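Engineer: Here it is, the structure, as structure tokens.
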Amino acid sequence: GDPTRSPEVCTPACEVGYEPLVVSDVSRVQQEGAPRLDCRDGVLLPPTFTCAPRTCPAPAGVEFAADPPCEEGWSIGHGGHCTPRCVEGFEPTQEKLACRSSVME
């Protein structure tokens, strides 16, 4: 190829509820910002990516909810649960909320 030509960029995409993760073979760390793959001479660098379930944000705008509104914090991992918390004098109406592919159920 032409050494003065910039590499082409591939932006990985995943199904709804999942996000692309690109791991560098050299550093074995996830890229900062929007993941991308470079294409140089027909070879993707890094050569692959994975699709990981997105996390769920803790419920927002709930009247009398504690801060944070989940015992587990502000972000719940896929397959995890939020145990609702309320300010003193109030009780949650749900015992647990489940995170499934970025949706709290």
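Engineer: Heavy atoms only, probe 1.4 Å: what % of the accessible area of the range 55-104 goes to carbon and sulfur, would you let me know? Don't skip to the end; give the middle numbers.
Structural biologist: Details: 1670 of 3270 Å².
Ligands and nucleic acids excluded, carbon and sulfur reach 51 percent.
Engineer: Now a separate question. For E63, what is the net charge nearby, where nearby means another residue's Cβ is under 15 Å from its Cβ and Lys, Arg count +1, Asp, Glu -1? Before the final figure, lay out the partial values.
Structural biologist: On the way: positive: R85; negative: D67, E88, E91.
It works out to a net charge of -2.
Engineer: Continuing with the same structure: Sum up the charges of everything whose Cβ sits under 13 Å from the Cβ of T93, counting Lys and Arg as +1 and Asp and Glu as -1, but leave T93 out.
Structural biologist: Working: positive: R85, K96; negative: E63, E91, E95.
Around T93, the charge tally is -1.
Engineer: Please list 3J(HN,Hα) in residue order for the range 54-69, calculated via the Karplus relation 6.51 cos²θ - 1.76 cosθ + 1.60 where θ = phi - 60°; whole Hz, with x for glycine and proline.
Structural biologist: Values, residue by residue: 6, 7, 10, x, 4, x, 10, x, 8, 4, 6, 6, 6, 10, x, x Hz.
Engineer: Report the net charge of residues surrounding A13, where surrounding means a beta-carbon distance below 14 angstrom and charges are Lys +1, Arg +1, Asp -1, Glu -1. Provide the component values of the computation, followed by the final result.
Structural biologist: Details: positive: R36, R54; negative: E15, E19.
That sum, taken over residues with Cβ under 14 Å, equals 0.
Engineer: Give the accessible surface of the range 55-104 per residue, rounded to a whole number of Å², with probe radius 1.4 Å and ligands, DNA and RNA excluded. The partial results should precede the final answer.
Structural biologist: Numbers: 3270 Å² over 50 residues.
In whole numbers, the range 55-104 has 65 Å² accessible per residue.
The values are calculated or read from the model by the stated rules, or taken from the named source; none is laboratory data. Keep in mind the model is a prediction, meaning the values are calculated, not measured. Every residue, glycine as well, gets a Cβ built from its backbone with ideal geometry; the counts of neighbours run over all protein chains shown. With ligands, DNA and RNA removed, areas are computed over all heavy atoms of the protein, side chains included. Shrake-Rupley method; radii C 1.70, N 1.55, O 1.52, S 1.80 Å.
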